[in-house]
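A short write-up of the structure that comes next.
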């Protein structure tokens, strides 16, 4: 029996590794997982429990020992009652399907459903996770003990098997807790590193590296689906004067507040980045050059009318210059870099024409778009 339970443990560790990869993509960093995530997680861990039943140790013609209940314990301790209940239901059904319908099988299936309910209720207790998992495990083992006593006349044999089962189950719970916490912590660190690599530390906008990646991806999508992609290049007028007069800390405050104005006056699906220093950019999909220029003008006017308040209460007024270009309205290119360069040229034209204005590239007259 010990060999079978050890095999169960090794298989379950493999399942946890797979789940860790999935949670990195769908769960890590999410404050409150959606109902869909919880349902899918419950089904996944229910499947894990069913697979573990293939590696059961028979202590009676109709009763088998394994670690399937730990699948419920783990998912309940991390995601609560709903996935716990779903996993319990699936494991109960799997018990009946795999080993046939009989009175003892029905009792065993009902026991797994009860374990799902019990673990779901215990998940609401505000304890540390290891204590919760251990309480769930012991409660599940007590349910299993009752089922064994109901199905197996030889109670001496039951208690012998149960003792070994409890010891292995408790040890497995401790190791599984350490492994799941390691996976959970690693996922959080991964997300933090990913965020640091893609986000500007001062404004929390996309940084230059992420902007270049997004520009390349959006440009390829626009080409593939014959759609438009606009680029706005934004620069603060006379920003050096602000730094020289009020200090670099004041300049940072202006940059932070400007980032919010840019976000608030762009469309919800436009992507705003800080490219470095006082230069920002906005990716504007699905808009003609005239619509893109109107968005740019709205942003420019909002900045001009916004009162920038420094930490000492000083109020500043700033202006920005914006250059705009749109694929394929203003340029026919297979290179996203050329689109950006055209927007850059328009920015310098705006600055050369007196600043605080929007300049955009001329539309290609013979380009017909639906």
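Values computed for the structure shown
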quantity: Check on residue 193, over 28 Å from residue 109 (Cβ atoms) and in a helix (DSSP H, G or I); calculated: yes
quantity: Residue within the stretch 301-314 that is more than 28 Å from residue 201 (Cα to Cα) and touching a strand residue (DSSP E or B) at 6+ places or on another chain (Cβ under 9 Å) present; calculated: no
quantity: Selection status of residue 118, surrounded by 15 or more Cβ atoms within 10 Å (Cβ to Cβ), touching a strand residue (DSSP E or B) at 6+ places or on another chain (Cβ under 6 Å) and assigned by TED's automatic domain parsing to the domain that holds residue 68; calculated: no
quantity: Hits in the stretch 285-329 (condition: in contact with a helix residue (DSSP H, G or I) (Cβ under 6 Å, 6 or more places away or on another chain), assigned to a loop (DSSP other than H, G, I, E, B) and modelled with pLDDT of 95 or more); calculated: 306, 319
quantity: Number of the exception - residue 19 against (1) at pLDDT below 85; (2) crowded, with 17+ Cβ neighbours inside 10 Å; calculated: (1)
quantity: Selected residue [assigned to a strand (DSSP E or B), in contact with a helix residue (DSSP H, G or I) (Cβ under 9 Å, 6 or more places away or on another chain), without any contact (Cβ under 8 Å) to a residue 60 or more places away in the chain and surrounded by 15 or more Cβ atoms within 10 Å (Cβ to Cβ)] from 261, 233, 282; calculated: 282
quantity: Members of the stretch 62-77 that are closer than 15 Å to residue 148 by Cα and in a helix (DSSP H, G or I); calculated: 69
quantity: Total residues in the stretch 236-258, condition in contact with a strand residue (DSSP E or B) (Cβ under 7 Å, 6 or more places away or on another chain), closer than 14 Å to residue 322 by Cα and surrounded by fewer than 21 Cβ atoms within 10 Å (Cβ to Cβ); calculated: 1
quantity: Residue check, residue 216 touching a residue at least 60 places away in the same chain (Cβ under 8 Å), assigned to a helix (DSSP H, G or I), over 22 Å from the mean Cα position of the chain (by Cα) and in the same structural domain as residue 231 (by TED's automatic domain parsing); calculated: yes
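The values are calculated or read from the model by the stated rules, or taken from the named source; none is laboratory data. Treat the numbers as computed from the prediction; the structure is a model and nothing was measured. All Cβ positions, even for glycine, are placed from backbone atoms using ideal geometry, and neighbour counts span all protein chains on display.
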